[in-house]
Amino acid sequence: MATDRELTATVPVRSAPKRRSLGRLLTRNMRSVIGALVLVLIFASAIFADWLAPYPPNRQNLRNRLQPPSAEHILGTDNFGRDVLSRIIHGGRVSLSIGFISVGIALAIGGLMGLLAGFYGGTLDSVISGIVDVLLALPAFLLALAIVAALGPSIVNVMIAVGIANIPSFARIVRSAVLTVREMEYVAAAHAIGSRDGRVMARHVIPNALGPVIVQVSLSLAGAILAAAGLSFLGMGAQPPTAEWGSMLNAARPYIRDAQWTVTFPGLAIVVTVLALNLVGDGLRDALDPRRLQAE
Amino acid sequence: MFKYILRRLLLVIPVLLGVSVVVFGIMFLTPGDPAVMMLGEAAPQAEVEALRARLGLDQPPHVQYVRWLGRMVQLDLGRSIRSSRPVTAEIGQRLLPTIELAVLATLLAVAVGVPLGVVSATRRNSIIDHVATVLAFVGLAMPVFWQGLMMIILFTVTLEWLPASGRFGGWQYYVMPVVTLGTSAIASITRMTRSTMLDTLTQDYVRTARSKGLRRQRVVYAHALRNALIPVITVVGLQFGGLLSGAVITETIFAWPGVGRLAVESINSRDMPVIQGVVMVFAVMYALVNLLTDVFYAYLDPRLRTRYS
């Protein structure tokens, strides 16, 4: 590391552009602050579901079927007499886990593909970009649908399918970020002092290419939650009696005429979560990409 | 221009070949023997073996793929396990309603999204701009299936204005499916138009036009909008993929007799030949729309055209 410092020390220090702190920029953007607060509430309710939910999510009470919202059941009961609020709170756990794990899969595989393609270029880049083009030729939800159709309906398979469907967007974003970073002087300097490729990637390329990836993670989370709920709504994700927002909606469909609360509230949970994630993602994009901020 | 189109057309072929490998691969890895599925669990082993041989299922994967691809190029997608009818007939019958739905939703999205984006940009921070921004955020966050159900509750159950399912019988049947499918596209197009309009409104040529004393209307529509629309067209093309995905859910909710609903029905009955066919048809449609988008883009942007001529 000493050599690293000596090298940079010989470069005349220019007055660095004023760095705005992430926090201040986010505060300037009220929309994303509200989004972040809502998100914290949703995460907290998912984590502490066992304590927060007034009833166990799967406790049936057939004498209490399809009751409208009341003091006893704030959001009413479903066709098995289960408390809708409790099921939404527990469903958040499932929906958020699916979102995080599938984005994790996409980030790990897509990110690695993008990193290798961008860093090494040449044939490897052509091959990886070819694969990405093929995956992009199918709309993401259809790709996920086809994969679940093949693997069979289950939560794990939905995670895998949505994860694979999100690989191309991560591969593309990481590749283009790495392409920019690769040309930087500090990367050339690191190569010049004899750093190995792995070290250059880990210490210089990845940290500096992280900005757009963070934005993509928050926006992909929103997309993944929507896609997973959509698959569950079609009966290809979470299976009864698991409480999951999309499958709750699917189960409530036959009662749309008489028990609208069973349809309304689980969907509202999805809208609020996705909205909050999008607001945070947008705020992060503005904060991490100053050019966009100037354009606005 | 012709050279550009030809080049772009040739680029579609390897991508579609790749898609065919993915589609074949997915179905090949599917657990369960198609021959057993067609004959039923109780079928004698000899009969299953005979069918496997007849369908070529006893061949190695690459041989099966090449045969499958060869048939597909001749528009022979096999027979549906559920109905025993040719897959092309099954899909052909369902294609028009889906195209209808997707085209109408696209038109709606452009008709609403572009003007709304222009007004948002020209009257920045006005009430209209704030309302449009909020609507766009909500539109992007709303799942298609929930929006469809909410519209049924409002327009069918409560107001009794619109029918909740089916396609034949007049324009009323189109309103909810088209609006449901088009909403997220409206939201994307509004946001994209707004941000590109804001960009172009600060360009030199817009300032020049203004300083020439041209009327504001003319500057906004003839100078700024024309240039702002170019990136918007790309978004319209990309949205089409989302529309095809959305069609699967929209058609299921409103009992619309399209390809999307066919996909769900065949997944539920594990009718693999139909699923393969639907995915390939969607991929081809998506590729064609993106091709058209690119060609249109090149037509509008002379810089792209000259690069290839």
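Can A:Ile131 be described as closer than 30 Å to A:Leu62 by Cα and either surrounded by 24 or more Cβ atoms within 10 Å (Cβ to Cβ) or more than 16 Å from the chain's Cα centre (by Cα) (or both)? Judged against the criteria, A:Ile131 is not a match. Remark: pairs (first residue in the stretch B:229-250, farther than 16 Å from B:Phe145 by Cβ; second residue among the acidic types (Asp, Glu); Cβ separation under 7 Å; 6+ apart in sequence or on different chains) = B:Ile230/B:Asp301. Scan the stretch B:52-66 and give yes if some residue there is within 14 Å of chain A (Cβ to nearest Cβ) and part of a helix (DSSP H, G or I), otherwise no. Checked against the condition, which is being within 14 Å of chain A (Cβ to nearest Cβ) and part of a helix (DSSP H, G or I), the stretch B:52-66 yields no hits at all. Of all residues in the stretch B:171-186, one or more are within 10 Å of chain A (Cβ to nearest Cβ) and modelled with pLDDT of 90 or more.
Quick grid of which residues meet (1) assigned by TED's automatic domain parsing to the domain that holds B:Phe254; (2) closer than 18 Å to B:Glu100 by Cβ; (3) of a type in the set (Phe, Trp, Tyr):
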position	(1), (2), (3)
B:Arg123	yes, no, no
B:Val131	yes, no, no
B:Leu140	yes, no, no
B:Trp146	yes, no, yes
B:Leu162	yes, yes, no
B:Ser165	yes, yes, no
B:Thr183	yes, yes, no
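Every residue, every condition in (1) farther than 30 Å from A:Ile193 by Cβ; (2) in contact with a Phe, Trp or Tyr (Cβ under 7 Å, 6 or more places away or on another chain); (3) loosely packed, with under 12 Cβ neighbours inside 10 Å; (4) at pLDDT 85 or above, yes or no:
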residue: A:Asp4; (1), (2), (3), (4): no, no, no, no
residue: A:Ser21; (1), (2), (3), (4): yes, no, yes, no
residue: A:Leu25; (1), (2), (3), (4): yes, no, no, no
residue: A:Arg31; (1), (2), (3), (4): yes, no, no, no
residue: A:Ala46; (1), (2), (3), (4): yes, no, no, yes
residue: A:Gln67; (1), (2), (3), (4): yes, no, no, yes
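Among the residues here, B:Ala298 does not qualify as more than 12 Å from chain A (Cβ to nearest Cβ), in a helix (DSSP H, G or I) and in contact with an Asp or Glu (Cβ under 8 Å, 6 or more places away or on another chain). Considering only residues in the stretch B:106-122 that are in contact (Cβ under 8 Å) with a residue 40 or more places away in the chain and under 15 Å from the mean Cα position of the chain (by Cα), the one that is surrounded by the fewest Cβ atoms within 10 Å (Cβ to Cβ) turns out to be B:Leu108.
In the stretch A:225-249, the qualifying residues are those that are in a helix (DSSP H, G or I) and more than 8 Å from chain B (Cβ to nearest Cβ), and the one that is nearest to the chain's Cα centre (by Cα) is A:Ile225.
Is there a residue in the stretch A:253-261 that is in a loop (DSSP other than H, G, I, E, B), among the aliphatic types (A, V, I, L, M), more than 8 Å from chain B (Cβ to nearest Cβ) and surrounded by fewer than 24 Cβ atoms within 10 Å (Cβ to Cβ)? Looking through the stretch A:253-261, at least one residue is in a loop (DSSP other than H, G, I, E, B), among the aliphatic types (A, V, I, L, M), more than 8 Å from chain B (Cβ to nearest Cβ) and surrounded by fewer than 24 Cβ atoms within 10 Å (Cβ to Cβ).
Here B:Arg85, B:Arg8, B:Arg79 are screened, and the one residue that is of a type in the set (D, E, K, R) and either in contact with an Asp or Glu (Cβ under 7 Å, 6 or more places away or on another chain) or within 13 Å of another protein chain (Cβ to nearest Cβ) (or both) is B:Arg8. Given the criteria under 27 Å from B:Tyr286 (Cβ atoms) and modelled with pLDDT of 95 or more, does A:Gly163 qualify? The answer is yes for A:Gly163.
Given the criteria touching a Phe, Trp or Tyr at 6+ places or on another chain (Cβ under 8 Å) and either more than 28 Å from B:Val157 (Cα to Cα) or without any contact (Cβ under 8 Å) to a residue 12 or more places away in the chain (or both), does B:Gly213 qualify? In short, no.
Each row is one residue, and each column tells you yes or no for (1) within 14 Å of chain A (Cβ to nearest Cβ); (2) of a type outside the set (Ser, Thr, Tyr); (3) not in a loop (DSSP other than H, G, I, E, B).
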residue: B:Ser195; (1), (2), (3): yes, no, yes
residue: B:Gln217; (1), (2), (3): no, yes, yes
residue: B:Arg226; (1), (2), (3): no, yes, yes
residue: B:Pro273; (1), (2), (3): yes, yes, yes
residue: B:Val284; (1), (2), (3): yes, yes, yes
residue: B:Leu288; (1), (2), (3): yes, yes, yes
residue: B:Leu292; (1), (2), (3): no, yes, yes
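Here B:Asp33 meets each of (1) modelled with pLDDT under 80; (2) more than 22 Å from A:Ile147 (Cβ to Cβ) with one exception, condition (2). I'd like to check which helices (runs of 4 or more DSSP H) are fully inside the stretch A:52-161 and have at least 2 residues that are within 14 Å of chain B (Cβ to nearest Cβ), closer than 23 Å to B:Met27 by Cβ and among the hydrophobic types (A, V, I, L, M, F, W, C). Once the helices (runs of 4 or more DSSP H) in the stretch A:52-161 are filtered for at least 2 residues that are within 14 Å of chain B (Cβ to nearest Cβ), closer than 23 Å to B:Met27 by Cβ and among the hydrophobic types (A, V, I, L, M, F, W, C), what remains is A:122-136, A:140-151.
Here is a yes/no grid of residues against (1) under 19 Å from the mean Cα position of the chain (by Cα); (2) of a type in the set (Val, Ile, Thr); (3) at pLDDT 85 or above:
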site: B:Ile189; (1), (2), (3): yes, yes, yes
site: B:Asp199; (1), (2), (3): no, no, yes
site: B:Arg216; (1), (2), (3): no, no, no
site: B:Tyr221; (1), (2), (3): no, no, no
site: B:Leu243; (1), (2), (3): yes, no, yes
site: B:Val259; (1), (2), (3): yes, yes, yes
site: B:Leu262; (1), (2), (3): yes, no, yes
site: B:Ile275; (1), (2), (3): yes, yes, yes
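Figure legend. Inter-residue proximity from the stretch A:257-283: first residues in contact (Cβ under 8 Å) with a residue 24 or more places away in the chain, second residues among the polar types (S, T, N, Q) and part of a helix (DSSP H, G or I), beta-carbon distance below 7 Å, spacing 6+ or different chains. Indicated pairs: A:Leu277/A:Ser218; A:Leu279/A:Ser32; A:Val280/A:Ser32; A:Val280/A:Ser218; A:Gly281/A:Ser218; A:Asp282/A:Ser32; A:Gly283/A:Ser32. When you check A:Leu219 against the structure, is it part of a helix (DSSP H, G or I) and within 8 Å of chain B (Cβ to nearest Cβ), yes or no? Answer is no for this residue.
Would you mention how many residues in the stretch B:149-208 are closer than 18 Å to B:Leu229 by Cβ and not small (Gly, Ala, Ser)?
The number of residues fulfilling the criteria is 17.
The values are calculated or read from the model by the stated rules, or taken from the named source; none is laboratory data. Given the structure is predicted, the values throughout are model-derived calculations rather than measurements. Methodologically, a virtual Cβ is constructed for each residue, glycine included, from the backbone with ideal geometry; neighbour enumeration extends over all protein chains shown.
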